[in-house]
Each structure stands twice: as C-alpha cells, then as structure tokens.
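The values are calculated or read from the model by the stated rules, or taken from the named source; none is laboratory data. Note that the structure is a prediction, hence the values are computed from the model and not measured. Glycine gets a Cβ as well: all are built from the backbone with ideal geometry, and neighbour counts include every protein chain shown. Surface areas here come from the heavy atoms of the whole protein model, side chains and all, with no ligands, DNA or RNA. Shrake-Rupley method; radii C 1.70, N 1.55, O 1.52, S 1.80 Å.
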Amino acid sequence: MPAKSQEVLSSTISLKPTTARLPLNWSRSFPREPACSCNRYLIEFLEVGGVLTLLEILGLEKIKEEDKKESIKLLQVIANSGRKYKELICESYGVRSIAEFLAKSKSEETQEEVQVLLDSLVHGNPKYQNQVYKGLIALLPCVSPKAQQLSLQTLRTAQSIVGTTHSSIVDCVLKVLGTMHLEVQYEAIELIKDLVNYDVRLPLLKGLVAMLIPSVKETSKLQPKILTDSAVLQLTAHLPVFLQQAAAAKTILVLARSSLRVAEELLHLRVIHSLMAAMGNTDHSNSQRLASVTLEYFVQMFPVVEEHVRKSMGEELYQLFLVSALARLSGQNRPGHTQQEEWSWVGRLLRLLVPFLPFQSRLTAAPLCPKPTPRARFPGSPAQTHSLLPSEQR
C-alpha cells in the first residue's frame, strides 16, 4: 500500500467512524460522473468515513439485525461501483468485519446478503482477492451451519479465481465433513471435487483415507460414560469422528467414480483396508453402509481388489457381502431381515478380521488392471440371486 494511502487509512481508523474524514483530494482517484449522477453522493459519503461507519455497525451488539442487513446492502452498492471502491473496503479491514458478522448472524436472509457482498469483493479485485479467499477459509470452523454452507459455496468461486491453494484449506474442509447437516456436507464434497485438481490432491486423499479409521483416543472418549449413562448410547451415532468416517467413505466413492486416476491413487493409499475397517464399526451403521457401497464399487472396477477381498473375507463372508450389495441394488431384503441386519453381522466379523487381513501389504504392489466399464456384478434374476446364497440359506 502506498505511504500516502497508509497515512490516510491510519488517520481515519484512529477517529470515530462518524467523524472520520478523508482529504479533499482523495476523491480525485475515483471516476466522477456528471453532477446529476448518484456517484457524486457516493463519493461524498465515503469522504466523511461512510465505509468505516458501515463496518462498525456490523460489530455493535445493540443494533438490530435489520439495520445491519441494510448496512450490508449499502456495502454491496459501494463494492459494485468499481475496483477502487472494493479496495477501499478491504483496506478498512472490511473482510474481517464482514466475515465475523457472517459467522455471528442469526438471520439466514442477512447471511445470504453477506455472501453476495463477499462474492462481489472476490471478483475484479486482484489486489485483495487472496485476503477474501483466506477470510472464507477462516469461516469454515464456525458453529453456524448456514455460514459454513455459504462460505463453501463462495470458496469454490474464489478458488477458481485465485488459482492457488492455501496450506490450511485441506484440514479445514476435512473437519467440516464431521457436520450433522447434509447441506453443509454436500458443499464440502463439491469443494473437495474441485480441490483434487490442484496441488493439494495427495494430502487431501491421504486425509480422507485416514478418516476411515478413527483414532483410539477419539473413539474411547465416550466408553467410560456408556457403561454408566444409558443416554450416552443415543449420542454415539452423532459422534463427530463417526460422522467424518461415514462422510469420508461417501466422498471417496464420489471421487473414485469421477476419475479412474484418483481411484488408482486411492488404492495405493490402502483405501481397501481402511474401508473394511469402517465396515467393522458396529457403533455407527451409516459408516458400515457407506463403506460397504464404496468397497463394492472398487470390487467391480478392479479385478485385483476382488481377488484380495475374496481371499481376505473368505468365501462364505464374501458371498454374504455380494448378497447385501444385491439387496441394495434391488431395494429388497431377505424375508424376515432388515437392510441393517443384512450386513450388521458382517461388520462384526470384519471388526475381528481387519488386523489379520493378508492383503494389507500386497495390494499396493499388485498391478492395477481396471475394467473398461463396471461389470454387471450383481444380477437381479431370482435364480442368480439364489445361487449367491450360502448353502444353508438356500
């Protein structure tokens, strides 16, 4: 920032916003329209510290939400007037004030107006677009689901404009996958689909695979309470690490379907071992279901995966895995069995088998021979279904 601009900025910040004034020659750098244009009044408003006043309104607790919303709309008008005006907002610490207000606002309508403002600031503002980009990343850990959703949406746009990634974006996006709100999870997955095309692909894929096996430290937090408090049993389904585990399995499936190259990279990161570990999580049925669906896809696509999964599970357990997959495709279950019962006991067995799976070290070294198209692995005719069942269940 030029020394003259810094002097002007410091002099205005040190005063109260209502009394802050810019030098009379400050407005010469802005394009002036004829006297009848509203641009004249906008410049006069800025000369008396209008931007600082509007930004301070956002941080005052005693001001009504509706008034803050109007302040955001006025900032939108200023930002849409041109690049110089966007730079003035950013130079006045506007990105930080606006981002904090988005995280704290209780009105979804107001939050959507803030998103429009941030989107305007990231377009046509090369000098401060990185500042807006980092501000959006800083919003991801906030507790407001709507703010997270809107930040993720705007981040996709900002990422394409900035062109480079920030080192903190991987951890922030992966943590968002632990949310209970599906609309937030959807936006996070969409952003991850974009990020795999940048230089953070490898740490992103490693992070997703690691999330399939939660650490003992995280999963053991509730164990002492479960023995004494029955109400805690109802909370295990919403334990963040289990939500992350299920979301990671879902994201891996989305990425593998979108790119064969990404699927091969996941295989080299031992994703099959981690998926089978997630299938053994009897404390969270959604993790079992999504991990099973994802494993089914890899079995269909790669012959080497099918071979090692069959050897690791054993023939009987593998046939039950195929039956469960067939039931998901047809939408029907065996008589007297719910969909959860179809594979819940498979998960319990896998929980015991995972530490002894023989393919842990061999799979990454095996040659990858993907099929051109997924095979019709699970036919739907009754006769074929009957042949897949173990002998004692026919």
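Only residues that are open to solvent by 80 Å² or more (accessible area, probe 1.4 Å) and outside any helix (DSSP H, G or I) were counted in the stretch 38-53, giving 1.
Look at the stretch 301-314: where a residue is closer than 17 Å to GLY280 by Cβ and a partner is part of a helix (DSSP H, G or I) and open to solvent by 20 Å² or more (accessible area, probe 1.4 Å), sitting 6+ places away or on another chain with Cβ atoms under 8 Å, you get SER312/LEU353; MET313/LEU353. State yes or no: is ASN281 outside any helix (DSSP H, G or I) and either closer than 22 Å to GLU190 by Cα or open to solvent by 10 Å² or more (accessible area, probe 1.4 Å) (or both)? Answer is yes for this residue.
Scanning for something touching a residue at least 24 places away in the same chain (Cβ under 8 Å) and either within 22 Å of the chain's Cα centre (by Cα) or crowded, with 20+ Cβ neighbours inside 10 Å (or both), does the stretch 70-77 turn up at least one residue? Looking through the stretch 70-77, at least one residue is touching a residue at least 24 places away in the same chain (Cβ under 8 Å) and either within 22 Å of the chain's Cα centre (by Cα) or crowded, with 20+ Cβ neighbours inside 10 Å (or both). Restricting the first member to the stretch 130-147 and to residues that are open to solvent by less than 40 Å² (accessible area, probe 1.4 Å), and the second to residues that are at pLDDT below 95 and among the basic types (Lys, Arg), no beta-carbon pair is closer than 7 Å while six or more apart or on different chains. Within the stretch 78-91, being open to solvent by 10 Å² or more (accessible area, probe 1.4 Å) and part of a helix (DSSP H, G or I) holds for ARG83, LYS84, LYS86, GLU87, LEU88, GLU91. Only one entry in GLY163, GLY178 is surrounded by fewer than 22 Cβ atoms within 10 Å (Cβ to Cβ), at positive phi and small (Gly, Ala, Ser), namely GLY163. Criterion first (among the polar types (S, T, N, Q), out of contact with any Lys or Arg (no Cβ under 8 Å at 6 or more places or on another chain) and either open to solvent by less than 60 Å² (accessible area, probe 1.4 Å) or touching a residue at least 24 places away in the same chain (Cβ under 8 Å) (or both)) does SER215 satisfy it? For SER215, the condition - among the polar types (S, T, N, Q), out of contact with any Lys or Arg (no Cβ under 8 Å at 6 or more places or on another chain) and either open to solvent by less than 60 Å² (accessible area, probe 1.4 Å) or touching a residue at least 24 places away in the same chain (Cβ under 8 Å) (or both) - is met. Here GLU113, GLU56 are screened, and the one residue that is modelled with pLDDT of 95 or more, open to solvent by 40 Å² or more (accessible area, probe 1.4 Å) and touching a helix residue (DSSP H, G or I) at 6+ places or on another chain (Cβ under 7 Å) is GLU113.
Yes or no: LYS106 closer than 22 Å to VAL176 by Cβ and surrounded by fewer than 16 Cβ atoms within 10 Å (Cβ to Cβ)? Taking the combined requirement at face value, the residue satisfies it.
Looking across the stretch 302-317, the residues that are in a helix (DSSP H, G or I) and farther than 28 Å from VAL241 by Cβ come down to PRO303, VAL304, GLU306, GLU307, ARG310, LYS311, GLU315, GLU316.
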